Amino acid sequence: MTHSGAKPIWRQIPKSVWALGFVSMLMDISSEMIHSLLPIFMLTTLHASSLSIGLIEGAAEATALIVKVFSGVLSDYLGKRKSLALIGYSLGALTKPLFAIAGSSGMVLTARLLDRVGKGIRGAPRDALVADITPPEIRGAAFGLRQSLDTVGSFLGPLLAVALMLLWANDFREVFWVAVIPGLLSVMMLLFGVREPKHIQRSQHGNPIKRANLQRLHAGYWRVVIIGAVFTLARFSEAFLVLRAQQSGIPIALLPLAMVAMNIVYSATAYPFGRLSDSVSHRKLLGWGLVVLIAADLVLASSADWRIVLAGVGLWGVHMGMTQGLLAKMVADTAPADLRGTAYGFFNLVGGIAMLLASVMAGLLWDSYGAEFTFYAGAGFCLIALFILITQRRDKADH
């Protein structure tokens, strides 16, 4: 909503939100250069099974989301978001060399867990910082912008990985070493480019997870938490998109292009849908997001032909663009300002447990019944999520 004569919305978004977007983008370039190759590296170089890849991916993502609870609570307690974000981004940057020297699945698991602890530490304080800095009426746009820049990194990373794999004849480890550089640049950008607002003081309410404070997180907030968890159950780890692409006969060096395709679509849709969420019914937008995910699952289940897989991966990206920034905005809208870090923390904890369950289940189904069955099961969970969304009563967080 631009007021007449006012600057366009993207120019009203504070500079520190843009800087946080670029911080996310650089770290994502670093992470995705590794993650887009990791399932295949584990399958071909370390000879891991689909189940163990699902377990490692699920455990890693769950760790990140569980750690977010503690960092979110701590950022509310201290009234400081940036220093915690800085610790988290630094840890992420420092784990990258471990992937390059990994000789076993155990070492990959250790590196993934440490990397995700870093992600966990930075996630909730960073989201709370975006909410702190941004006026409420353009918050959806701000979350959409940060998500969009973050996702630009998610497709530049795999693109770089593909280029280097072609250049260096599938040398996974060399590519992993190069990934260290954007990780370090990300930390520098956060250190010098982001300013924390002065008015975020330590909460007068003391310990954020005191019972009296938790009671201030009302039913509307917990409904958002439940919806977020059901969404995560319906959407297992993206590692399975790469494994599906491998089945289509795409050469190993080109496999990260599956993630590139998904993230280009995700990046292109996150900001427009973020802006849309400032003015339309959240429930409807989430519902349509689920419909798109059902379509993605059905397309991916139908054939391993690379064109069909690419179409499914693109639909997956549209779903992410429609829902991820929106859920972040809904948390900000339903939680008290001084408990935002805690609110993001609990939202991510529940989502983390759901991601672990979903990824382990997907790995088991994949090993036992094949890829098609895995994606059909995903579509089934989406239908359940859609039913829950439709039957939940409206609340004031939904326009």
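Every listed requirement among (1) at pLDDT 90 or above; (2) under 18 Å from MET42 (Cβ atoms); (3) under 15 Å from the mean Cα position of the chain (by Cα) is met by ARG116 save one, (1). Looking at this structure, is ALA141 more than 24 Å from GLY352 (Cα to Cα), in a helix (DSSP H, G or I) and in contact with a helix residue (DSSP H, G or I) (Cβ under 7 Å, 6 or more places away or on another chain)? It is true that ALA141 is more than 24 Å from GLY352 (Cα to Cα), in a helix (DSSP H, G or I) and in contact with a helix residue (DSSP H, G or I) (Cβ under 7 Å, 6 or more places away or on another chain). Residues that are closer than 20 Å to LEU43 by Cα and either hydrophobic (A, V, I, L, M, F, W, C) or open to solvent by 70 Å² or more (accessible area, probe 1.4 Å) (or both) within the range 143-169 comprise ALA161, VAL162, LEU164, MET165, LEU166, TRP168, ALA169, listed in sequence order.
Taking the criterion of being closer than 30 Å to PHE41 by Cβ and either crowded, with 17+ Cβ neighbours inside 10 Å or touching a residue at least 40 places away in the same chain (Cβ under 8 Å) (or both), would at least one residue in the range 214-224 satisfy it? No. Inside the range 162-197, residues that are of a type in the set (Phe, Trp, Tyr) and touching a residue at least 40 places away in the same chain (Cβ under 8 Å) make up a count of 3.
Screening the candidates PHE41, PHE22 for the property of being in a helix (DSSP H, G or I), among the aromatic types (Phe, Trp, Tyr) and either farther than 28 Å from LEU185 by Cβ or within 17 Å of the chain's Cα centre (by Cα) (or both) yields one hit, PHE22.
Residues of the range 255-287 that are part of a loop (DSSP other than H, G, I, E, B) and open to solvent by less than 10 Å² (accessible area, probe 1.4 Å): LEU255, PRO256.
Here ALA343 meets the list (1) open to solvent by less than 20 Å² (accessible area, probe 1.4 Å); (2) modelled with pLDDT under 80; (3) among the small types (Gly, Ala, Ser) almost entirely, failing just condition (2). The numbered conditions (1) in contact with a helix residue (DSSP H, G or I) (Cβ under 6 Å, 6 or more places away or on another chain); (2) farther than 30 Å from ILE9 by Cα; (3) free of Cβ contacts under 8 Å to residues at least 60 places away in the same chain are all true for ARG122 except (2). Just one of the listed residues (GLY193, GLY106) is surrounded by fewer than 22 Cβ atoms within 10 Å (Cβ to Cβ), of a type in the set (Gly, Ala, Ser) and more than 29 Å from VAL331 (Cα to Cα), and it is GLY106.
The values are calculated or read from the model by the stated rules, or taken from the named source; none is laboratory data. Worth saying up front: this structure is predicted, and the values here are computed from it rather than measured. Positions of Cβ are generated from backbone atoms using ideal geometry, with glycine treated the same way; all protein chains shown enter the neighbour counts. Accessible surface areas use protein heavy atoms only, side chains included; no ligands, DNA or RNA. Shrake-Rupley method; radii C 1.70, N 1.55, O 1.52, S 1.80 Å.
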